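Read the structure below first, then the notes.
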Amino acid sequence: MKRTVESGKTLLVDGPASVIVVSGDAEAFGFKVPHGHRIVIREGKRLPFVVEETATFDISLGENAEVDEVDGSTIPSSWVNAQEELLNIQKRPMVAMVLGAVDSGKTSFCTYLINKLLREKWKVAILDGDLGQSDIGPPCTIAYTFVMKPVTDLFNLKMKNAFFAGFTSPSVSISKVINGLVTLKNEVLEQNPDFLIVNTDGWVEGKEAVSYKVQLVEKVNPDVVFCIQQKDELAPILEGLERFRMLIVESPSAIRQRSREKRRSLRELGYVKHLKNAKVRSFPLSWIKVEENELLEAVENRRNFRQERKICELLGMKPLHLSESQNKIYIVIGKGKWLDWGSIQKVEELTKKKIIVVRKGEEQGSLLALYNGKRKFLGIGILREIDYRRKTMKIYTPVSDKVSTVSVGKVKLDKNLKEIPLPTEENVSEDFRAFKELF
Ligand SMILES: Nc1ncnc2c1ncn2[C@@H]1O[C@H](COP(=O)(O)OP(=O)(O)O)[C@@H](O)[C@H]1O
Ligand SMILES: [Mg+2]
């Protein structure tokens, strides 16, 4: 479909769609789109083409895609000012952090800044700290890359390195997220960028979120913080960050809010992308270091066979596997098997350790990350099986390099790469409950 839009207007395209600028002059998030260049807009994403000089577009629309035309530019004037101000600061490297609620325009603002900086020929890196809606790395990771060419969707960039958190919401472990961002920030700075743009997650409301965001900014220690807000959502965070150079920018009114389901399905596109061409690989547990899973970490520990015999006697059965850590004993039993509470208690009395009963197959579907010996992130995978007899783990992953560490996440995926909801926890605070709605 061909469509001509007059100068001074904006064409809004909601994906899935693809657009070619045939003639005229149009800009997408600061990127002057060359004629004939095809731009793909994913489902759940909206791309504004600000028309500077009457332009004709060739548009292909997918299912549920939409096109709209509005007067003026949907890029707020505060974005233009922010970018000018950023270019006026002489310090290099210059670290700029972007804060804002979910769907406030953080990713789009980063894209806009990057494109404007690239026009001035600066060396630009993006560090993406949004675990739940990651643009650069797989979901549940913090990742960075250097941007060489203008972009309309950061999702198309190839990550340089990543830090696997293993969950979609920062509240699961604030310190892990902060550590990931600081570690990667330092790694980027070693590579001499002129500008580093740091994006963050959208958890900004409530006491816990405010305290987390203040800590995050303090630890990353940027030269400037851009706060995207509609009204004054970020006021409590701003109060805690007075010593920083802060710039408030507007959240565009043309933003397309996404439902929690839409956000999840956008995230699932991320799993699909990063598990493309995956195969099942088998790893002997003695060859690799497993992190964040006590059972797997304990499999290779020394065993006390005399005690194990006694445990089997007390249980009245031989489990598939027994392993012992400093203060716990893991008992792995078959899928349909049960252990009675009384005998577990007896084993606890005998061993003075906490007994954890695991059913074979429970591990299935866990999202995990694979790293090499230099702690370079190689990719993600899904745990398919632990073979306790052979002491191997089977992982579905596109990674073919030599793996030295596997970090197991808290998210589980089914065979179709859809997230399996975690069992609901009790005693979660109000703040946290409201926040969980965001992911
Ligand atoms: N200035 C704008 N004009 C039109 N659409 C926009 C604009 N800024 C953002 N959007 C769209 O709104 C949606 C949400 O923006 P996004 O940058 O992804 O938010 P966040 O990263 O804060 O969740 C995206 O589909 C994006 O393309
Ligand atoms: Mg985003």
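The values are calculated or read from the model by the stated rules, or taken from the named source; none is laboratory data. This is a predicted model, so every value here is computed, not measured. Heads up, the Cβs are rebuilt from the backbone with ideal geometry, glycines too, and the neighbour counts pull from every protein chain shown. Surface accessibility is based on the protein's heavy atoms, side chains included, excluding ligands, DNA and RNA. Shrake-Rupley method; radii C 1.70, N 1.55, O 1.52, S 1.80 Å.
By the Kirkwood approach, averaging reciprocal distances over each pair of separate Cα atoms, segment 47-103 gets a hydrodynamic radius of 15.2 Å. For the chain, carbon and sulfur atoms together expose 48% of the accessible surface, with a 1.4 angstrom probe and every protein chain in place.
Every helix of 4 or more DSSP H residues in the chain counts as -39500 (n - 2.57), and over all residues that averages to -7500 deg cm²/dmol at 222 nm. Residues in segment 308-318 carry Karplus couplings, in order, of 4, 4, 5, 4, 4, 4, 5, 7, x, 6, 9 Hz; the curve used is 6.51 cos²θ - 1.76 cosθ + 1.60 with θ = phi - 60°, and Gly or Pro positions show x.
The lysines within cross-link reach of Lys2, meaning a Cα-to-Cα straight distance under 26 Å and a gap of 8 or more places when in the same chain, are Lys32, Lys45. Before anything else, pin down the relative contact order of the chain: Cα pairs under 8 Å, at least 6 apart, normalised by residue count, whole percent. That works out to 14 percent.
In this structure Glu291 has an accessible area near 40 Å², from a 1.4 Å probe over the protein heavy atoms.
Normalising the average separation of contacting C-alpha pairs (under 8 angstrom, six or more residues apart) by the number of residues puts the relative contact order of segment 77-259 at 31 percent.
Classify segment 56-148: rounded, prolate or oblate, from the alpha-carbon gyration tensor (a ≥ b ≥ c, eigenvalue square roots; a/c under 1.5 rounded; otherwise prolate if a/b is larger than b/c)? Note, shape of segment 56-148 comes out oblate. Every Cα-Cα pair in segment 1-134 was counted, and those over 19 Å apart are 53% of them. Taking amide H as placed 1.01 Å from N in the peptide plane, the amide H of Val357 sits under 5 Å from that of Ile331, each at least 5 places away or on another chain.
Once the Cβ-Cβ distance of Val182 and Lys391 is raised to the sixth power relative to R0 = 45 Å, the FRET efficiency obtained is 0.80. For the chain, find the longest principal axis of its Cα atoms and tell me its angle to the long axis of helix 341-351, 0 to 90°, nearest 10. So the helix axis and the longest Cα principal axis differ by about 80 degrees. Taken as Cα centroids, segment 236-275 and segment 389-411 sit 31 Å apart, rounded to the nearest whole angstrom.
Modelled spin labels at Ile356 and Lys328, positioned 7 Å past Cα toward Cβ, are 0.2 nm from each other. All distinct Cα pairs of segment 15-92 go into the 1/r average, and the inverse of that average, the Kirkwood radius, is 13.9 Å. Across the chain, the convex hull enclosing all Cα atoms gives 157 Å³ per residue. Identify all aspartates and glutamates with a Cα-Cα distance to Lys276 below 17 Å; exclude those on the same chain that are fewer than 8 residues away in sequence. By straight Cα distance, Lys276 reaches Asp135, Glu268, Asp401, Asp414, Glu419. Using the empirical formula 2.2 N^0.38 Å as the baseline, the Cα radius of gyration of segment 294-359 reaches a ratio of 1.00. Distance from the Cα centroid of segment 141-159 to that of segment 35-110 is 15 Å (rounded to whole angstrom).
Assuming R0 = 51 Å, can you tell me the calculated FRET efficiency for the pair Lys335 and Glu85, based on Cβ-Cβ distance, to the nearest 0.05? Once the sixth-power term is evaluated, E becomes 0.25.
Lys-Lys pairs in segment 134-243 that are eight or more residues apart or on separate chains and whose Cα atoms lie under 13 Å of each other come to 4.
Averaged over its residues, segment 294-359 has an accessible area of 65 Å² per residue, based on protein heavy atoms and a 1.4 Å probe.
Note that segment 83-227, at 20 °C in a medium of 1.002 mPa s, gets a Stokes-Einstein diffusion coefficient of 144 µm²/s from its Kirkwood radius over C-alpha pairs.
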